[in-house]
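Below is one structure, written out as structure tokens; the observations come after it.
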Amino acid sequence: AETWNAVPLAPPDSIFKLTASYKEDTFPQKINLGVGAYRDNDNKPWVLPVVKKATEILLNDPTIDHEYLPITGLPEYTGAAAKLILGEDSPALAEGRVTSVQTISGTGANHLGALFLSRFYEFNGEKKAYLSDPTWVNHFAIFKNVQVEPVTYPYYDPKTIGLAYQPFIDTLKSAPERSVFLLHACAHNPTGVDPTREQWGQIADVILAKGHYAFFDCAYQGFASGDLDRDAWAVREFVKRGVPLLVCQSFAKNAGLYGERVGALHIVAPTQETAQRVKSQLSVLQRSEISNPPAHGARLVSLILNDKKLFEEWKRDIETMAGRIIEMRKELHKLLTEELKTPGNWDHIVNQIGMFSFTGISSEASQALTEKAHVYLTTNGRISMAGLNTHNIRYFAESLDKVVR
Ligand code: PLP
């Protein structure tokens, strides 16, 4: 038989396919609300001014060479990244019980975290990870790849277009002890629905009582509220309460470094000695997979995090992005409710958090938006708020109004 005869044709990735269809479309008012990348008010990718400055500094630094980084990454970067998510005053950091490894952005952090659990976590019976229903679709493939079976817990209630809080808590309670629960640290993708602080507290209580493990994915720190500390609240609260956890961190969205693949995996261990053993095994895994992580993006982020002035500037850039998204939420809500008097309740548009909004429209309505109005979005009705701007928001609101009326 011919080589590769048995290889079945896989379907293209739905998000990347959406972008390709958008690019081919010649309709002048077309809108892409599929992709999870920030766009400025002119629908252009935005290179953060602070990143331009950091790039300039690197370019003029005569000490920069192209040697390998250590296996676990650039120490100035991973150390500062850990402080950013866990907090300057984190007791876990002070006690030296956090292991941080530089990864291929958030996806790589999820992979390495899942792989580490697959190898070393003492699962109670079958190897399973509980993912929110719905979640970032890649989570399923990432866990399957490392022989951990993804199962889901209730998260989103289509009736309220909000959190399915009670069913979520009930599943935490009924799951076998020491189960692994993946939690979105903030700005839940795809729903834009986050638990309140009070709800987080109760979620932590049950996780602690059941001895579960919290697998935090944090891809949008700063994007939810515009404030880095506020968006890290849940993770820090869980650490404070002693919940066993890890955090996957990405600088793709909040630093606009999508292509540089800058991320980190932080595992909070019970003791410093345990953290060292964990790190030794993460190094072994990392070595066989990527040998060592890429240098450029980590150097940029390290400069920004470790320089007071650049850090302050970065925070202003994040506010610019989050602020524009929040403005678009308000404007869309106003257009639908006040001007167009679109049937239904649209308060979730302003209540949801982060880059995405779950509109609550049917998959037929989503498809009609694409086919009739040239508005590209995933069929689950999720829209990237970053794809809206002052030039296209009225056209979008009118098109949405038409398909739900
Ligand atoms: N986790 C979630 C929830 C995401 O939405 C994303 C990106 O869309 C990622 C992780 C990983 O992104 P990256 O690998 O670009 O950092």
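The values are calculated or read from the model by the stated rules, or taken from the named source; none is laboratory data. Note that the coordinates shown come from a computational prediction; the quantities given were computed from them, not determined experimentally. Every residue, glycine as well, gets a Cβ built from its backbone with ideal geometry; the counts of neighbours run over all protein chains shown.
One table, with the values for the structure above:
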{"item": "Positions within region 177-190 being of a type in the set (S, T, N, Q) and more than 11 Å from the ligand (Cβ to nearest atom), in sequence order", "result": "SER179"}
{"item": "Residue among THR320, THR342 that is at pLDDT 95 or above, closer than 20 Å to PHE223 by Cα and surrounded by fewer than 23 Cβ atoms within 10 Å (Cβ to Cβ)", "result": "THR320"}
{"item": "Scan of region 208-235 for residues that are part of a helix (DSSP H, G or I) and touching a Lys or Arg at 6+ places or on another chain (Cβ under 9 Å), ordered by number", "result": "LEU208, ALA209, LYS210, LEU228, ASP229, TRP233, ALA234"}
{"item": "Extreme residue, nearest to LEU257 (Cα to Cα), among residues of region 174-204 that are in contact with a Lys or Arg (Cβ under 8 Å, 6 or more places away or on another chain) and surrounded by fewer than 19 Cβ atoms within 10 Å (Cβ to Cβ)", "result": "ARG178"}
{"item": "Single match in VAL262, VAL301 (criterion: closer than 29 Å to ARG119 by Cα and touching a residue at least 60 places away in the same chain (Cβ under 8 Å))", "result": "VAL262"}
{"item": "Unmet criterion (only one of (1) assigned to a strand (DSSP E or B); (2) within 16 Å of the ligand (Cβ to nearest atom)) for ILE85", "result": "(1)"}
{"item": "Whichever residue in region 92-112 is within 15 Å of the ligand (Cβ to nearest atom) and polar (S, T, N, Q) and, among such residues, is surrounded by the most Cβ atoms within 10 Å (Cβ to Cβ)", "result": "GLN102"}
{"item": "Unique residue being aliphatic (A, V, I, L, M), touching a residue at least 24 places away in the same chain (Cβ under 8 Å) and within 17 Å of THR152 (Cα to Cα) when the list is VAL180, VAL243, VAL247", "result": "VAL180"}
{"item": "Selected residue [surrounded by 19 or more Cβ atoms within 10 Å (Cβ to Cβ), more than 16 Å from the ligand (Cβ to nearest atom), among the β-branched types (Val, Ile, Thr) and not in a helix (DSSP H, G or I)] from VAL243, VAL239", "result": "VAL243"}
{"item": "Matching residues in region 254-264 - criterion: being within 7 Å of the ligand (Cβ to nearest atom) and buried (at least 23 other Cβ atoms within 10 Å of the Cβ)", "result": "GLY263"}
{"item": "Counted residues, region 12-45 - those being in a loop (DSSP other than H, G, I, E, B), of a type outside the set (Asp, Glu), more than 16 Å from the ligand (Cβ to nearest atom) and within 24 Å of the chain's Cα centre (by Cα)", "result": "4"}
{"item": "Tally, over region 124-147, of residues that are more than 16 Å from the ligand (Cβ to nearest atom) and touching an Asp or Glu at 6+ places or on another chain (Cβ under 9 Å)", "result": "4"}
{"item": "Check on ASN138, under 16 Å from SER250 (Cα atoms) and without any contact (Cβ under 8 Å) to a residue 40 or more places away in the chain", "result": "yes"}
